[in-house]
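Structure incoming, see below.
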Amino acid sequence: MTAEFDPGREFALSLDEADELGSFRERFNFPRARHGLDPVYLCGHSLGLQPKDAVRYVQEELEDWGRLGVEGHFRSRRPWLPYHRFATSGLSELAGARDDEVVAMNTLTVNLHVLMSTFYRPTTSRCGILIESTAFPSDRFAATSQIRMRGFDPAHALIEWKPRAPDQALHLDDLQQILDDSGDEIALLLLPGIQYYNGQLLDMEDICARARAKGCFVGLDLAHAIGNVPLELHDWAPDFAAWCSYKYLNGGPGAVGGAFVHAQHLDGDGSAQLLGWWGHAEETRFAMAPAFEPAKGAELWQLSNPPILSLAPVLASLNIFHEAGMDRLRRKSLHLTDYLGRLLEHRLQDRVTSITPPDARGSQLSLRVTGAGLDAREVFRRLEQQDVVADWREPDVIRVALAPLYNTFADAFDLVERLRSAVEGADGRR
């Protein structure tokens, strides 16, 4: 947290000068200016910046493909046959998991379906899936379709944990009440690590413990959590988790995602999941025998060989995360968001407020334009015209993320200055 505070730009620059992670910014490519100002990129919660090493990693795979053809599966610099394993240690480090509990595969919603095929085991009396009522639409669609495909009615089996007014945050007491009232009817909890809209960091350890006490399986969507906040999945013991790699992990659009399956479930024979040939034991995979021999660990949930060109940038980014260290990144993230919150209070009090719980957040702050008579959409449009890259969520929220690998205190200062200009411009238009 920021012990001292000064609202001037020189103070922001002094914080950047003292930042032990400041040099990592130079390892990323930034978008070009569109309106004549230095871009302030605050959209790592949606698409992380490109690591400069990603270009080299992809180019090397293209070169090896051209030089080796099919032999690249065995003789390339990073052989393609076991390519997903080059991401294993980096992902397990960020997930707080054992190496055999994680695997790089597919994309997020595909992984949710693959994992729910194992861990959503409805019965006539216990068929519910509990989600947050404000869940990201893809999670809702996945849960609803799983319920329908198992012969149940989402109108009955989809159970919602609703945020509480006036703070619009999710409260664990409300979750507990649902579990007390309906826990015997719930087969699976499918919840986020960080809520995508308001940026609330959920107490995943507590959620897992409460669900276990009621005999429910737990799956976590970590799209906004991995690479953003420290995770301890092995100790917290959700049954499974899945994530994408294009947000804080900087893997590029459509990058290969990842999955976690807790160690207690890793001795399966393949009878409880969808099967594909990359989930077959590597030692006998190419014998092409009709009988399935399960791979070890979370690799059992793989279906197909990894897309090399989409996984290569993820490897480049994971190397950077390993160098930086999640503990240091978390400290800087809290420092950055605390500083931004103080600036907003000082410069834009009563006109722009954060709806992200101050004591439960990652790198994202969701900002609501609250000034009387202000058109929030117009404020966002004017902010874009000042080369601030954030995003808009209906009806009135501007989401910004201060990703500690490449964002600075000067970025936070420039955001607030340009946001103030946007607010004053929109206010003057009245």
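The values are calculated or read from the model by the stated rules, or taken from the named source; none is laboratory data. A quick note: this is a predicted structure, and the numbers were derived from the prediction, not measured. Backbone-built Cβ (ideal geometry, glycine too); neighbour counts: all protein chains shown.
Could you list, ordered by first residue, the pairs with Cβ atoms under 9 Å in which the first is in the stretch 281-308 and under 21 Å from LEU91 (Cβ atoms) and touching a residue at least 24 places away in the same chain (Cβ under 8 Å) and the second is among the β-branched types (Val, Ile, Thr) and part of a loop (DSSP other than H, G, I, E, B), at least 6 apart or interchain?
Note: pairs meeting the criteria are PRO306/VAL256; PRO307/VAL256.
Quick check on the stretch 198-205. Is at least one of its residues modelled with pLDDT of 95 or more, acidic (Asp, Glu) and outside any helix (DSSP H, G or I)?
Pass one, the stretch 198-205, residues modelled with pLDDT of 95 or more: 198-205.
Those still in the list that are acidic (Asp, Glu) too: 203, 205.
The next check asks that each one be outside any helix (DSSP H, G or I); those that pass are 203.
There is at least one residue in the stretch 198-205 that is modelled with pLDDT of 95 or more, acidic (Asp, Glu) and outside any helix (DSSP H, G or I).
Residue by residue, here is whether (1) in the same structural domain as PRO307 (by TED's automatic domain parsing); (2) over 22 Å from the mean Cα position of the chain (by Cα); (3) over 28 Å from TRP392 (Cα atoms) holds:
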site: ALA18; (1), (2), (3): no, yes, yes
site: HIS45; (1), (2), (3): no, no, no
site: TRP65; (1), (2), (3): yes, yes, yes
site: VAL70; (1), (2), (3): yes, yes, yes
site: HIS73; (1), (2), (3): yes, yes, yes
site: SER89; (1), (2), (3): yes, no, yes
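Among the residues of the stretch 344-370, which ones are surrounded by 22 or more Cβ atoms within 10 Å (Cβ to Cβ) and in contact (Cβ under 8 Å) with a residue 60 or more places away in the chain?
Answer for the stretch 344-370, where residues must be surrounded by 22 or more Cβ atoms within 10 Å (Cβ to Cβ) and in contact (Cβ under 8 Å) with a residue 60 or more places away in the chain: VAL352, THR356, ARG361, GLY362, SER363, GLN364, LEU365, SER366.
Right, here's the next one. Among what's in the stretch 255-270 and is assigned to a loop (DSSP other than H, G, I, E, B) and modelled with pLDDT of 95 or more, pick the residue that is farthest from the chain's Cα centre (by Cα). Even if it seems obvious, please write down each step before you answer.
Pass one, the stretch 255-270, residues assigned to a loop (DSSP other than H, G, I, E, B): 255-257, 262, 266-270.
Next, from what is left, pick out any that are modelled with pLDDT of 95 or more: 255-257, 262, 266.
On the way: ALA255: 12, VAL256: 13, GLY257: 10, HIS262: 19, LEU266: 24 Å.
Filtering the stretch 255-270 for residues that are assigned to a loop (DSSP other than H, G, I, E, B) and modelled with pLDDT of 95 or more, the one farthest from the chain's Cα centre (by Cα) comes out as LEU266.
Moving to a separate point now. Output the number of residues of the stretch 265-315 satisfying the condition of being among the aliphatic types (A, V, I, L, M) and closer than 24 Å to ARG98 by Cβ.
Step one: filter the stretch 265-315 for residues among the aliphatic types (A, V, I, L, M), giving 266, 272, 274-275, 281, 287-289, 291, 295, 298, 300, 303, 308-309, 311-312, 314-315.
Pick out the ones that are also closer than 24 Å to ARG98 by Cβ and you get 266, 272, 274-275, 281, 295, 298, 300, 303, 311, 314-315.
Qualifying residue count, the stretch 265-315: 12.
Tell me, which residue of the stretch 208-254 that is of a type in the set (A, V, I, L, M) and assigned to a loop (DSSP other than H, G, I, E, B) is surrounded by the fewest Cβ atoms within 10 Å (Cβ to Cβ)?
This residue is ALA237.
What are the pairs, 6+ residues apart or on separate chains, where a residue within the stretch 55-78 that is over 24 Å from SER317 (Cα atoms) has its Cβ under 8 Å from a residue that is surrounded by 14 or more Cβ atoms within 10 Å (Cβ to Cβ)?
Matching pairs, first to second residue: LEU68/SER76.
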